[in-house]
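Before anything else, here's the structure in question.
The values are calculated or read from the model by the stated rules, or taken from the named source; none is laboratory data. Computed from a prediction, not measured in an experiment: that's the story for all the values here. Here the Cβ positions follow ideal geometry from the backbone for every residue, glycine too, while neighbour counts run over all protein chains shown.
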Amino acid sequence: MSKAFLDTTILVDGLLKRGEPRTKALAALRRYDFAEFPIYAIKEFKAGALYNWVWLYNKLKDTGSHAKTLAAIKAVMAYKKNRAATALEGLAELERGQRATFGDLQAEYGKQADPDSVAAERLRLAARVRIFTAWRKRNSLGTPVVPLPCYMEKDPYEGRDGLLSCSPMVCDDKPECSMAPALRARNADLVKLREAVSKQPSKAENTRRSRALKELIRNRPLTDSLCRSLGDAVFALFAPADAVVLTTNIGDHQPLAEALGKRVEAP
């Protein structure tokens, strides 16, 4: 029986994206007899891509303007690259999905309606559907495994101001993350992963991952912040020996998986 252990990128492509990324993700899943993913992937999905979609929705709602939303995206591009990239990609996808004719828009909003505001409103409503549908179907691509009792899977919700929220996105780490005992039981694997990370390019993500692994090896408390910093290491550790880690991020996952004698594949 062929098995796939899904990385968060597969959830993002299969649940939030449309077009080629989604088609490739779903086609890849059909290559395997069985697919599963850790609850940790849900945590990453919500705090990452889904949150960025919620941010986009809130900008469309708050500004009431397509042009001002684009300006807001440009303003965060320098220091929130992933957020800006996700928002721009989301806008493009939502715009491709619009099918109304000029006559339809006139009939719905009136001849004097501001095109910029109308565009923002229609994209906002489409984004809302995408966000809630993706969250509702989060377990549809595979079987959730590796429970994370300290993490609450609360639905996104609308506040009194009409803005959406993804809170909470963090775990109750008192006294520490619930994965900690299972991780510490594999100290030798933690050491192998840290050695693998040390050979990778010097970037913030790898620095944070190395520090989190070091804290675990030293038997320090695993806080929510350190838990999030583990990132791809979680998938290498918990992927079954007879499964492949399915991901669009081969570059980061492969060295970690190979350090533990496991395989990685792309869609």
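Which of the residues that make up segment 217-234 are assigned to a loop (DSSP other than H, G, I, E, B) and more than 16 Å from the chain's Cα centre (by Cα)?
Those that are assigned to a loop (DSSP other than H, G, I, E, B) and more than 16 Å from the chain's Cα centre (by Cα): Arg218, Asn219, Arg220, Pro221, Leu222, Thr223.
Name the residues in segment 195-213 that are more than 13 Å from Leu226 (Cβ to Cβ) and not hydrophobic (A, V, I, L, M, F, W, C), would you?
Answer for segment 195-213, where residues must be more than 13 Å from Leu226 (Cβ to Cβ) and not hydrophobic (A, V, I, L, M, F, W, C): Glu195, Ser198, Lys199, Gln200, Pro201, Ser202, Lys203, Glu205, Asn206.
What single numbered condition from (1) hydroxyl-bearing (Ser, Thr, Tyr); (2) modelled with pLDDT under 95; (3) under 16 Å from the mean Cα position of the chain (by Cα) fails to hold for Ser165?
(2)
Looking at segment 202-213, I want the residues that are without any contact (Cβ under 8 Å) to a residue 24 or more places away in the chain and have a partner that is surrounded by 12 or more Cβ atoms within 10 Å (Cβ to Cβ) and of a type in the set (Lys, Arg) with Cβ atoms under 9 Å, at least 6 apart or on another chain. Which pairs are those?
The qualifying pairs are Arg208/Arg228; Ser210/Arg194; Ala212/Arg228; Leu213/Arg194.
Identify all residues within segment 3-43 that are among the small types (Gly, Ala, Ser) and at pLDDT 95 or above; write none if there are none.
Once the filter is applied, which keeps residues that are among the small types (Gly, Ala, Ser) and at pLDDT 95 or above, segment 3-43 yields Ala4, Gly14, Ala25, Ala27, Ala28, Ala35, Ala41.
Any idea how many residues of segment 102-120 are surrounded by fewer than 18 Cβ atoms within 10 Å (Cβ to Cβ) and either among the small types (Gly, Ala, Ser) or modelled with pLDDT of 85 or more (or both)?
Count: 5.
Inspect segment 178-185 for any residue being in a loop (DSSP other than H, G, I, E, B), modelled with pLDDT under 95 and touching a Leu at 6+ places or on another chain (Cβ under 7 Å) and give the result as yes or no.
Looking for residues that are in a loop (DSSP other than H, G, I, E, B), modelled with pLDDT under 95 and touching a Leu at 6+ places or on another chain (Cβ under 7 Å), one finds at least one in segment 178-185, hence yes.
If you don't mind, there's one more thing I want to ask. Is it the case, given these coordinates, that Leu237 is of a type in the set (A, V, I, L, M, F, W, C), crowded, with 17+ Cβ neighbours inside 10 Å, touching a helix residue (DSSP H, G or I) at 6+ places or on another chain (Cβ under 9 Å) and not in a helix (DSSP H, G or I)?
Against the criterion (of a type in the set (A, V, I, L, M, F, W, C), crowded, with 17+ Cβ neighbours inside 10 Å, touching a helix residue (DSSP H, G or I) at 6+ places or on another chain (Cβ under 9 Å) and not in a helix (DSSP H, G or I)), Leu237 does not qualify.
List the helices (runs of 4 or more DSSP H) that sit entirely inside segment 8-54 and contain at least 2 residues that are of a type in the set (Gly, Ala, Ser) and farther than 25 Å from Cys166 by Cα. Walk me through it before giving the result.
Details: elements: 8-15, 20-29, 39-45.
Passing ranges, in order: 20-29.
Restricting to segment 128-149, what's the tally of residues that are surrounded by 12 or more Cβ atoms within 10 Å (Cβ to Cβ) and part of a loop (DSSP other than H, G, I, E, B)?
Qualifying residue count, segment 128-149: 8.
What are the pairs with Cβ atoms under 9 angstrom where one residue, in segment 179-197, is of a type in the set (Gly, Ala, Ser) and the other, located anywhere, is not in a helix (DSSP H, G or I)? Sequence gap at least six, or different chains.
Correct list of pairs: Ala180/Pro221; Ala180/Leu222; Ala182/Val146; Ala196/Leu260.
Now a separate question. Check off (1) acidic (Asp, Glu); (2) closer than 22 Å to Leu164 by Cβ; (3) at pLDDT 95 or above for Glu93 and give me the number that stays unchecked.
The single condition Glu93 does not satisfy is (3).
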